[in-house]
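Chemist: Please find one structure pasted underneath; my questions will follow.
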């Protein structure tokens, strides 16, 4: 995206109707235009005051080498995260919601209003771009006031509203600073204030934390969670970071190759991934196979013929998963081991993974195993080392495919 021209109208600041001034703060953590107080420790429960309220979209975008076809619905007060690998269609979906990419087919309704053919500047949509796109020649105050000014709010009133939003973001002392003098976290909050100043009915966040360093990201993620908890309209977050998605969103929608492959509450998706991409994100070894009469239905036979013992009694097509930390490695086949799963493998690679060593294994079963640096040294592991991998059946989790 190129930096937008600072002349009205601006798609990034989106609301069609002129906003009134923000409600005064009565305590830290209150705010949002007309938003009720929500403690920072949790999110508001999405409400459904009217059947037509919220987002109802079927986004179809067809290009020569790509096809997006997804359905998105969200209630007011709900934060939905679009998660997926590069090229999955996340950004295309966000641009379609903003009106920056036209739909090939489908529909887009917000609070019952058809927006398919509504130009970006007339949509009640606020956008926080990945690189924020703050106007470099304007102060933080004037960046935030820009949206209301675009919609006819007098300059003094717009600046007063902007000052209130900056105060809510903890930036009351930075109103006179231009973007180059702001830290990454401060710039992110200014961009969020600019998007919220127009009281949008749909807030779009495109990788809002991607430009921040690790330490700043931790602090800003917590602040963003609080602001989203106070936002009573629909928020859609696009990210490739599973932690951002898990912390900020009420519901995850995972997109691969332009289609939805899984959606649900973050905890449900983390516990029951349905694709290799999701399993990798949440740190699980995942396999698909079939459970039958073997071992009372507690044995999953993979397509390769390898079997994985579980404790669940299932039949038919199933997934079976276990964390890398459940894997124990031996240089010789363990005698008398209590683990029911024992596979001959070979070390394909080693890498630092947090405070542990992650071994990438191939052989009877391809899997990842986590072990301490001491254990890795004692086993004298290196690429090509033959090992035996064991996993207790009680540490696996099987579920219907």
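Chemist: Considering the stretch 174-214 alone, what residues qualify as being part of a loop (DSSP other than H, G, I, E, B), touching a helix residue (DSSP H, G or I) at 6+ places or on another chain (Cβ under 7 Å) and in contact (Cβ under 8 Å) with a residue 60 or more places away in the chain?
Modeler: Selection gives 197, 198, 208, 211.
Each row is one residue, and each column tells you yes or no for (1) closer than 15 Å to residue 234 by Cα; (2) part of a loop (DSSP other than H, G, I, E, B).
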| position | (1), (2) |
| --- | --- |
| 56 | yes, no |
| 94 | yes, no |
| 100 | no, yes |
| 107 | no, no |
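Chemist: May I ask you to list the residues in the stretch 315-332 that are touching a residue at least 60 places away in the same chain (Cβ under 8 Å) and either closer than 19 Å to residue 347 by Cα or surrounded by fewer than 17 Cβ atoms within 10 Å (Cβ to Cβ) (or both)?
Modeler: Once the filter is applied, which keeps residues that are touching a residue at least 60 places away in the same chain (Cβ under 8 Å) and either closer than 19 Å to residue 347 by Cα or surrounded by fewer than 17 Cβ atoms within 10 Å (Cβ to Cβ) (or both), the stretch 315-332 yields 316, 317, 322, 323, 326, 327, 328, 329, 330.
Chemist: Quick check: anything in the stretch 98-106 crowded, with 19+ Cβ neighbours inside 10 Å, out of contact with any strand residue (DSSP E or B) (no Cβ under 9 Å at 6 or more places or on another chain) and touching a residue at least 12 places away in the same chain (Cβ under 8 Å)?
Modeler: no
Chemist: A follow-up question, please. Which condition number does residue 68 fail, the rest of (1) more than 22 Å from residue 281 (Cβ to Cβ); (2) assigned to a strand (DSSP E or B); (3) touching a helix residue (DSSP H, G or I) at 6+ places or on another chain (Cβ under 9 Å) being met?
Modeler: (1)
Chemist: For residue 153, indicate whether it is in a strand (DSSP E or B), more than 14 Å from residue 80 (Cβ to Cβ) and modelled with pLDDT of 90 or more.
Modeler: The answer is no for residue 153.
Chemist: Of 361, 350, which residue is surrounded by 14 or more Cβ atoms within 10 Å (Cβ to Cβ), over 13 Å from residue 325 (Cα atoms) and at pLDDT 95 or above?
Modeler: The match here is 361.
Chemist: Identify all residues within the stretch 384-401 that are surrounded by fewer than 18 Cβ atoms within 10 Å (Cβ to Cβ) and more than 34 Å from the chain's Cα centre (by Cα); write none if there are none.
Modeler: 384, 385, 386
Chemist: A follow-up question, please. Output yes when any residue across the stretch 181-197 is farther than 23 Å from residue 228 by Cα and surrounded by fewer than 23 Cβ atoms within 10 Å (Cβ to Cβ), and no when none is.
Modeler: Yes, the stretch 181-197 contains a residue that is farther than 23 Å from residue 228 by Cα and surrounded by fewer than 23 Cβ atoms within 10 Å (Cβ to Cβ).
Chemist: Restricting attention to strands (runs of 3 or more DSSP E) lying wholly within the stretch 215-312, give those where 2 or more residues are in contact (Cβ under 8 Å) with a residue 24 or more places away in the chain and surrounded by 20 or more Cβ atoms within 10 Å (Cβ to Cβ).
Modeler: Per the criteria, 234-239, 251-256, 285-291, 307-309.
Chemist: Further question on the same structure: Inspect all residues belonging to the stretch 202-209 and state whether any of them is at pLDDT 90 or above, buried (at least 17 other Cβ atoms within 10 Å of the Cβ), farther than 22 Å from residue 134 by Cβ and in contact with a strand residue (DSSP E or B) (Cβ under 9 Å, 6 or more places away or on another chain).
Modeler: Scanning the stretch 202-209 turns up no residue that is at pLDDT 90 or above, buried (at least 17 other Cβ atoms within 10 Å of the Cβ), farther than 22 Å from residue 134 by Cβ and in contact with a strand residue (DSSP E or B) (Cβ under 9 Å, 6 or more places away or on another chain).
The values are calculated or read from the model by the stated rules, or taken from the named source; none is laboratory data. On a predicted model such as this, the values are computed, not experimentally measured, just so you know. Here Cβ is always computed from backbone atoms with ideal geometry, including for glycine, and neighbour counts include all displayed protein chains.
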